[in-house]
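Chemist: Got a structure for you, written out below as structure tokens; questions coming shortly.
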Amino acid sequence: MGHNQKSQKNDFGVCPKNVNGERQYMKHAKRILIIVLILFVILFCLFGIYFSNYYHAEEECKKYLASTENVRVIENDSFYFFDGPGSTDALIFYQGAKVEVEAYAKFLNRISEKGVDTFLIKMPFNFAFFGAQKADEVINNYSYDNYYIAGHSLRRSCRHSIL
């Protein structure tokens, strides 16, 4: 308080709160909140831009998503299943980071023709890191003597979290 100001006390003998200090604190808190919200929106937009920019599958690859006389292709929300003539071995394949899942259809269809059924796991945002445990769905719902896990890019980190 300044030299000329008297201390103002209420009926209980207590000085009132510093209203100007509280206003400054609230003003400062609002600024911080606005800055945090702006940063959150910017990060959210950058996340969307980064993950919406990915390598697209060529049209030739997409043709291998159709069933043939040797390989039956089944699609569900979690994976593509390439069911070939084999019944003992299954390959679970994780797509590469930022690569459209259908880009691997030709490769996996050919493996299935040779007797190893394959599962092409679909990943959120085309990024294996976000669906590392998706192989469990295959292993828990299908019966094969041998399961093999392979993939492109981040599959190594996914494998460690499965095993």
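Every number in this text was worked out from the coordinates using simple rules, so none of it is lab data. Since this is a predicted model, take the numbers as computed values, not measurements. For neighbour counting, all protein chains shown are included, and Cβ atoms are generated from backbone atoms with ideal geometry for every residue, glycine included.
Chemist: Would you mind checking which residues have amide H under 5 Å from Asp117's amide H? H placed 1.01 Å from N; only 5 or more apart, or other chain.
Modeler: Result for Asp117 returns Gly84, Gly86, Asp89, Leu91.
Chemist: If you don't mind, there's one more thing I want to ask. Could you list Met26, Met123 so that the one with the fewest beta carbons within 10 Å of its beta carbon is first and the one with the most is last?
Modeler: Ordered from fewest to most neighbouring Cβ atoms within 10 Å, Met26, Met123 come out as Met26, Met123.
Chemist: For Phe79, list long-range residues whose amide hydrogen, built 1.01 Å from N in the peptide plane, is under 5 Å from its own amide hydrogen.
Modeler: Lys122
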